[in-house]
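The block underneath contains the structure these notes are about, expressed in structure tokens.
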Amino acid sequence: MKALITGSFDPFTIGHDDIVRRTLRLFDSVMIGVGVNERKTYRQSTEERIDAIRHIYADEPRVEVKSYSDLTVDFARREGVGVIVKGVRGIKDFEYEREQADINRRISGIETLLLFADPQLASISSSMVRELEHFGRDISEFLP
């Protein structure tokens, strides 16, 4: 079965990488869906984000990376995905992802699996990495 992991991945962090690698232990393959929202401003272009993620998994044929700009469940159906996997860092993430999972299941029948973040990585977020970068800090330890 193919699993889908989605996000804006701006940037793709070691926390995201951990969720992808753990998902690969549970499913045959992983589709990484890079979400494009015209209402958001991104640090990198969609192609730059896709290329960076593809580079990380260049030696892993079970990982595919594509962008999408419609509903996640519509993208999942198009790609033949059986389950959506989301990483959860804390209670705030849990509540948001639970609500999304409920609606996604209701409108599509597609289930969502929540994986709890490794405690050592739970404080790492793309927004935190962007903030550190904005103030000139080295962010390399947070990127795969």
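The values are calculated or read from the model by the stated rules, or taken from the named source; none is laboratory data. Since the model is a prediction, treat every value here as computed from it, not as a measurement. Cβ atoms come from the backbone with ideal geometry, glycine included; neighbour counts cover every protein chain shown. We work out accessible area using only protein heavy atoms, side chains counted, and drop any ligands, DNA or RNA first. Shrake-Rupley method; radii C 1.70, N 1.55, O 1.52, S 1.80 Å.
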| message | Probe radius 1.4 Å, ligands and nucleic acids left out: which of V36, V65 has the largest accessible area, and how do the rest follow? | response | V36, V65
| With a sphere of radius 14 Å drawn around the Cβ of Y96, what net charge do the other residues whose Cβ falls strictly inside it have (Lys, Arg +1; Asp, Glu -1)? | -1
| field | Amide H within-cut-off set for V65, under 5 Å, with H built and near neighbours excluded | value | I32
| message | I'd like the carbon and sulfur percentage of the solvent accessible area for the chain, probe radius 1.4 Å, heavy atoms only, ligands and nucleic acids excluded. | response | 49
| message | I'd like the accessible area for I50, computed on protein heavy atoms only with a 1.4 Å probe and all protein chains in place. Round to 10 Å², please. | response | 10
| request: Could you list which residues have their amide H under 5 Å from that of F12, counting only those 5 or more apart in sequence or on another chain, with H placed in the peptide plane? | output: none
| task | Quick one: accessible surface of H16, probe radius 1.4 Å, all protein chains present, in square angstrom to the nearest 10. | result | 50
| field | Size descriptor, Kirkwood hydrodynamic radius, that averages inverse alpha-carbon separations across the chain, Å | value | 15.6
| message | Probe radius 1.4 Å, ligands and nucleic acids left out: which of K92, K2 has the largest accessible area, and how do the rest follow? | response | K92, K2
| task | Express in nm, to one decimal, how much length is gained between R39 and I14 on full extension, taking 0.36 nm for each residue of separation and deducting their alpha carbon distance. | result | 6.4 nm
| remark: Rounded to the nearest 10, the angle in degrees between the Cα long axis of helix 46-56 and the longest principal axis of the Cα atoms of the chain comes to 90
| Solvent-accessible heavy-atom area per residue, rounded to whole Å², over segment 1-138 at 1.4 Å | 58
